[in-house]
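Right, one structure below, let's go through it.
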Amino acid sequence: MKQPQVSAVIGGQWGDEGKGKIVDYLAADADVVIRSQGGDNAGHTVLNERGKFGLHLVPAGIFNPDTINIMGAGVALNPKTLLKEMKELGERGVSFDNLIISPKAHLAFDYHLFIDQSQEHARGKNRIETTKRGIGPTYMDKAERIGLQAKLLLEPDRCMEELARVLALKRKHLDQDNEVLYPEYYEDFVKEAGAALKDFIRPTERIIEEHLHKGSRFVLEGAHGTLLDLDHGTYPMVTASNSTVGGLLVGAGMPPLALNKVVGIFKSYQTRVGAGGMPTELDNELGEHIRTRGHEFGTTTGRPRRVGFFDGVAALYAHRINGFTDIAVTRIDTLADVKELKIATGYKDTAGWPTDFPTDNTRLSDCIPAYESYEGWTEAEIAKASTFDELPLSAKAYCEAIVTSMPGAKLSFVGVGQARNQLLVI
């Protein structure tokens, strides 16, 4: 039997690392791409021959008509967002004949958004800085075992019965009143969503099994990043799902032993959205320069991202959790014309030198990084490179230094621009 090739694409930082670009590249030769977790609070930007696309729920393999694209059981699926996204992509010539939605994916409705927004407001200065897309409340319902799965859209009457039951609980427990907490609000939409999505919702386990036996090529598409993982991230400033390799396997319904490649995606610098510790943050003119040059604003929210030097301590922690086999360093073009670059190799705090990356945000905020410095490069030098060997020596040394912080992993990709042909494969 031919050995299947299963690659997981994992963000190694606080998200926004350029995972969509790598998935788009790998999907060109993939038989199956699976979006495993997260909701429309995530976003991938893909630039290919069709143009520039911002994806929020649809797997990034959708542009390859020969690739099966699965939205897995671990996804928090907002059907309103999905239908809007499919309409916009369809108007640009994208086909969905190759899209499959797991019946087990949990649905996010407007009442989840309402609860999310209300909770953030109530937290005041202690707010988590969520995207207010209702993802946390959706996963809360899932854990509380009152969540509504995508398969209910195939039975609108039953879906409305379950909605009425859940909303009655919500009204009882919440000291608020709003139209989104009443089932009548959803009657027309549930019928509309059911009719529009019924052909896409079908079991995925047999499809995955058949392709494993055929020796197919899989890509597990991660959303968010390791440092936002619910269990292993900088809690509580994290997302509501598991964005590490284990979470992708569970959300996809993939046997762990089938996995044979874990690709860690790292920007050539560090970014973070919202509150929480970030030792290498550049709250200065250089940070603003990198933010502007890199267009560091959220794909989904438009929020400005905090910017800093690359954090090798955080990268090693992400490597320990995921066991990266391959590393992609993206956006080295963004750092062009910065004369001196730095990589954090250790931290010092009030207690001395921590040996590990502290996921406690208070302690992380107290950490002072120790840096190693590297010579920069120019935009002209990057623009003319079509292979890794053609990059300036300073850029190659910098990328190799990033990977050195993750023993056992190899440098496999370097991004020198947004376009598909601006990915250097090593």
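Details
- Burial ranking of peptide ranges 216-223, 67-74 (average Cβ count within 10 Å, highest at the top): 216-223, 67-74
- Helical contribution to [θ] at 222 nm, DSSP H n ≥ 4, -39,500 (n - 2.57), averaged over the chain, rounded to 500: -9500 deg cm²/dmol
- When both bridge partners sit in the stretch 1-87, DSSP labels roughly 45% of those beta bridges antiparallel.
- Rounded if a/c under 1.5, otherwise prolate or oblate - the stretch 173-262, Cα gyration tensor axes: oblate
- Per-pair calculated FRET efficiency, R0 = 41 Å: V180 and Y235 via Cβ, rounded to 0.05: 0.90
- Centroid-to-centroid separation of the stretch 1-73 and the stretch 345-402 [C-alpha atoms, Å]: 27
- Summing +1 for each Lys or Arg and -1 for each Asp or Glu among the other residues whose beta-carbon sits under 10 angstrom from that of P183 gives -3.
- With 31 Å as the limit, the listed pairs K21/K342; K339/K410; K2/K80; K261/K339; K142/K348 have K2/K80; K261/K339; K142/K348 beyond it between alpha carbons.
- Going through [x] 36, 26, 19; [y] 48, 38, 17; [z] 45, 24, 19, the figure that equals semi-axes √(5λ) of the Cα gyration tensor in Å as computed for the structure here is [x].
- Net charge, A27 excluded, C-beta distance under 13 Å - Lys, Arg +1, Asp, Glu -1: 0
- The stretch 272-426, accessible surface, carbon-and-sulfur percent (1.4 angstrom probe): 50
- Heavy-atom surface of the chain, accessible at 1.4 Å and reported per residue (Å²): 43
- For the chain, built as a Gaussian network whose Cα springs stay under 10 Å, the top-fluctuating residue of T81, T350, T378: T350
- Around K104: net Lys/Arg minus Asp/Glu count, Cβ-Cβ under 12 Å: +2
- Report note on the peptides 167-178, 285-296: ranked by the mean count of other C-beta atoms within 10 Å, highest first, their order is 285-296, 167-178.
- For W377, the accessible surface of its heavy atoms amounts to roughly 10 Å² (probe 1.4 Å, protein chains only, rounded to the nearest 10).
- Computed on the chain, with alpha-carbon pairs under 8 angstrom and 6+ residues apart, the relative contact order is 20 percent.
The values are calculated or read from the model by the stated rules, or taken from the named source; none is laboratory data. All figures in this text were calculated on a predicted structure; none of them were measured in a lab. Note: ideal-geometry Cβ built from the backbone for every residue, glycine included; neighbour counts use all protein chains shown. With ligands, DNA and RNA removed, areas are computed over all heavy atoms of the protein, side chains included. Shrake-Rupley method; radii C 1.70, N 1.55, O 1.52, S 1.80 Å.
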